[in-house]
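Right, one structure below, let's go through it.
A short reminder: the numbers here are calculations on the coordinates, not readings from a lab. This is a predicted model, so every value here is computed, not measured. Neighbour counts run over all protein chains shown; Cβ positions are idealised from the backbone, glycine included.
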Amino acid sequence: MRFIVTAIGSFSADCVINRLKEANHYVVGCDIYDGRWHAVSKDCDVFYQSPYATDEKAYVDFLLDIAAKEYVGYIVPLTDLEIDVLNKCRPDFESRGLVLCIQSQSCLSVARDKYRLCRLFCDDVHVNVPKYMRSEDLSANIDLAYPLIAKPVNGRSSEGLSRIYTEDGLRPFFNCSNYIVQEMIDGTVYTVDYVRDLVGNDFSVPREELLRTKNGAGTTVRLLNSDVLSETVSYIGEKLGVCGCVNMEFVFDAKVGKYYLIDINPRFSAGVAFTNMVGYDMVTSHINCFVGKSILPPVTYEEQIVSKKYVEKVLWRKAK
């Protein structure tokens, strides 16, 4: 099969592209930056520099043109912004027989809207979410306890996130549109790579984030087995109709012994390679969901701590 993989500068790109290549697929890599700046571009069969997804028409036209030129049948976007654009423009791709390997519109309407996500689960006995308010409803007499977190309803990778400790810090968000304010949960961050197919087979790999970047990418993690997290994400996956791979983020509050759902990333996580390392091929399972196959069967693994390692690689050298 032939795939376009977008945003190959993303943390997940190396794992995604190499798993596709190991399965003998043809991979077209795209990114807004020069391919010579990305080591993983050399693992693709061909690379194209793309326009920014914020220029929706140019971006969609680019993908359609490249898909036709390279005889591509499947598109695998790696960032939330690109998923938002492709979700909005589904008819342009479907009319040309292209398969977008993304969640359904109904699933994305919740996963990409933090307010709707909280509202869906606020009274659910199986899922805990922090107390919250829309920014439009804020006032000095809010029924929330400081400290607070304010973030865009459709934000990604902690962009636009603010921590608020006083009323003065909250005041700029009064009547500010497109923000949600939540009580800050003091605890340990856990993320779960989760995959589910159309008939309901699913599997998940939870991990505790020991070290992570400012935008939320885990660099050292503890992979563990957790019945509580696995059962929770399975419940959420069924309720949202997840098909393919997503990543769910939780904070564990040790004082009350509860996990709180913070976010759902409807794509491969930055740490999907961690899941691959314990023996589960999340990439192949994700693709199977879009070609009419079942996901791969579950695997067993031991608890372990894994760290992401960075190495230097020469991408270009001036000829003598």
- Message: Viscosity 1.306 mPa s, temperature 10 °C: what is the translational diffusion coefficient of region 242-283 from Stokes-Einstein with a Kirkwood Rh over Cα pairs, rounded to a whole number of µm²/s?
- Response: 135 µm²/s
- Query: Which value, to two decimals, describes the C-alpha radius of gyration of region 2-102 once divided by 2.2 N^0.38 Å?
  - Reply: 0.96
- Query: Given springs between every Cα pair under 10 Å in a Gaussian network model of the chain, which of E94, E208, E238 has the largest fluctuation?
  - Reply: E94
- Gaussian network model of the chain, springs between alpha carbon atoms under 10 Å - residue of I17, I142, I66 with greatest fluctuation: I142
- Item | For V28, V242, order by how many other beta-carbon atoms lie within 10 Å, fewest first | V28, V242
- Rounding to the nearest 20 debye, state how big the charge dipole of the chain is about its Cα centre with +1 on each Lys and Arg Cβ and -1 on each Asp and Glu Cβ. 880 debye
- If one compares the long axis through the Cα atoms of helix 227-240 with the longest principal axis of the Cα atoms of the chain, the angle in degrees, nearest 10, works out at 80 degrees
- What's the FRET efficiency of S307 with I32 using the Cβ-Cβ distance as r and R₀ = 22 Å, to the nearest 0.05? 0.20
- Item | Difference of contour (0.36 nm per residue) and Cα-Cα distance, Q49 to A145 | 29.9 nm
- For the chain, with +1 on Lys and Arg beta carbons and -1 on Asp and Glu, the positive-most of Y132, Y52, N215 along the dipole: Y52
- Query: In percent, how large is the relative contact order of the chain, given Cα pairs closer than 8 Å and 6 or more residues apart?
  - Reply: 17 percent
- What is the Cα centroid distance between region 1-44 and region 205-254, reported in whole angstrom? 25 Å
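Using Cβ contacts closer than 10 Å as the measure, can you line up S204, S139 from fewest to most? All intermediate terms of the calculation are to be shown ahead of the outcome.
On the way: S204 24, S139 12.
Result, fewest neighbours first: S139, S204.
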- Task: Please identify, among P51, P206, P172, the residue showing maximal mean-square fluctuation in a Gaussian network model of the chain using a 10 angstrom Cα cutoff.
- Result: P172
- Message: Could you tell me which residue out of S12, T300, G241 lies farthest along the dipole of the chain toward its positive end? Charges go on the beta carbon: Lys and Arg +1, Asp and Glu -1, centred on the Cα centre.
- Response: S12
- Note on the structure: In this structure, the FRET efficiency calculated for D168 and R96 from their beta-carbon separation, with R0 = 35 Å, to the nearest 0.05, is 0.10
- Task: Can you find, among F274, L120, N24, the residue farthest towards the positive end of the dipole of the chain? Put +1 on the C-beta of Lys and Arg, -1 on that of Asp and Glu.
- Result: N24
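Using a Förster distance of 56 angstrom, determine the FRET efficiency expected from the C-beta separation of D227 and R317, and round it to 0.05. Mind dumping the intermediate values first?
Details: r = 52 Å, r/R0 = 0.93.
Once the sixth-power term is evaluated, E becomes 0.60.
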- Query: Hey, got the dipole for region 131-183? About the Cα centre, +1 on K and R Cβ, -1 on D and E Cβ, debye to the nearest 20?
  - Reply: 200 debye
- Query: Once you put a point 7 Å from the Cα of Q105 and another 7 Å from the Cα of M1, both along the Cβ direction, what distance in nm separates them?
  - Reply: 2.3 nm
- Note on the structure: Least to most buried among K57, K320, K308, by other C-beta atoms within 10 Å and fewest first, runs K320, K57, K308
